[in-house]
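Structure first, commentary second.
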Amino acid sequence: MQAAVKNDFVSVKDYLAAEEKSATRHEYLGGLIYGMAGETRDHNQISQNIAFALRQHLKGGPCKLYISDIRVNFHLHDDEYYYYPDIVVTCDKRDNDKRFVRHPKLIIEVLSEGPERVDKREKFFAYTSIPSLEEYILVAQTGREITVFRRANNWKAEKTTAAKANVAIN
């Protein structure tokens with residue numbers, strides 16, 4: 001479960017400088033910094049399997065895929081956010097920063113027991129505010145369930161529970 005590192009406002013500049021030196025990843029939510037829990041082996045394996053399949057799908061195209069250590073940066077209302085999604089895909093040429101993506105097309109989160117609520121609610125509302133985002137996918141770790149949210153479908157949840165189901169990524 002995430003816990004706030006500081007209760008005082010931290011500037012983006014100070015957050016980014018501290019993150020460069022930190023062995024632990026932290027997310028930045030409008031001035032507050034939250035430490036991230038470490039991944040389990042299952043979480044890591046699921047993320048890698050998805051990334052491998054997705055990389056094959058994207059091969060030869062303009063899109064780039066990043067896992068775990070690349071942040072998504074965006075503004076929500078007047079606040080700036082930096083999240084570390086499990087997988088992010090960008091097809092936007094403006095995304096040329098070495099540490100983060102500002103124009104994601106697809107974000108995938110593998111659900112973990114503690115922060116699952118954050119991925120399903122907080123991050124859902126935050127991510128779906130990003131104009132370039134077309135799909136947000138939640139992958140269950142404990143069962144065979146994938147939930148896909150698509151902008152084209154007004155962010156309505158599409159759940160897949162079959163053991164060998166295919167999910168079409170647009």
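The values are calculated or read from the model by the stated rules, or taken from the named source; none is laboratory data. Just so we're clear, the structure is a prediction, and the values are computed from it rather than from any experiment. With ideal geometry, Cβ positions are generated from the backbone for all residues, glycine too; neighbour counts draw on all protein chains shown. Quick note on the areas: whole protein, heavy atoms, side chains included, nothing else; ligands and nucleic acids left out. Shrake-Rupley method; radii C 1.70, N 1.55, O 1.52, S 1.80 Å.
Going by the conditions given, is Asp95 within 20 Å of Glu19 (Cβ to Cβ), touching a helix residue (DSSP H, G or I) at 6+ places or on another chain (Cβ under 7 Å) and open to solvent by less than 60 Å² (accessible area, probe 1.4 Å)? Write out each step before concluding.
Values: within 20 Å of Glu19 (Cβ to Cβ): yes; touching a helix residue (DSSP H, G or I) at 6+ places or on another chain (Cβ under 7 Å): no; open to solvent by less than 60 Å² (accessible area, probe 1.4 Å): yes.
Criteria not met by Asp95.
Would you point out which residue out of Val110, Val72, Val89, Val101 is touching a helix residue (DSSP H, G or I) at 6+ places or on another chain (Cβ under 8 Å), free of Cβ contacts under 8 Å to residues at least 40 places away in the same chain and open to solvent by less than 30 Å² (accessible area, probe 1.4 Å)? First the steps, then the outcome.
Working: Val110 fails: free of Cβ contacts under 8 Å to residues at least 40 places away in the same chain; Val72 fails: free of Cβ contacts under 8 Å to residues at least 40 places away in the same chain; Val101 fails: touching a helix residue (DSSP H, G or I) at 6+ places or on another chain (Cβ under 8 Å).
One residue alone meets the criteria, Val89.
Among Glu27, Glu19, which is open to solvent by less than 70 Å² (accessible area, probe 1.4 Å), among the acidic types (Asp, Glu) and within 21 Å of Lys120 (Cβ to Cβ)? Spell out the reasoning first.
On the way: Glu19 fails: within 21 Å of Lys120 (Cβ to Cβ).
Going through Glu27, Glu19 in turn, the sole match is Glu27.
When you scan segment 85-129, how many residues do you find that are among the polar types (S, T, N, Q) and within 19 Å of Ile46 (Cα to Cα)? Step through it out loud before you land on a result.
Step one: list which residues in segment 85-129 are among the polar types (S, T, N, Q), which gives 90, 96, 112, 128-129.
If we keep only those that are within 19 Å of Ile46 (Cα to Cα) as well, we get 112.
Summing the residues that are among the polar types (S, T, N, Q) and within 19 Å of Ile46 (Cα to Cα) in segment 85-129 gives 1.
Kindly indicate whether Tyr84 is within 30 Å of Val12 (Cβ to Cβ), in contact with a helix residue (DSSP H, G or I) (Cβ under 7 Å, 6 or more places away or on another chain) and surrounded by 15 or more Cβ atoms within 10 Å (Cβ to Cβ).
Working: within 30 Å of Val12 (Cβ to Cβ): yes; in contact with a helix residue (DSSP H, G or I) (Cβ under 7 Å, 6 or more places away or on another chain): no; surrounded by 15 or more Cβ atoms within 10 Å (Cβ to Cβ): yes.
So Tyr84 does not fit the description; no.
Looking only at residues in segment 35-68 that are over 15 Å from Glu109 (Cβ atoms) and at pLDDT below 90, which one is most open to solvent (accessible area, probe 1.4 Å)?
Arg41
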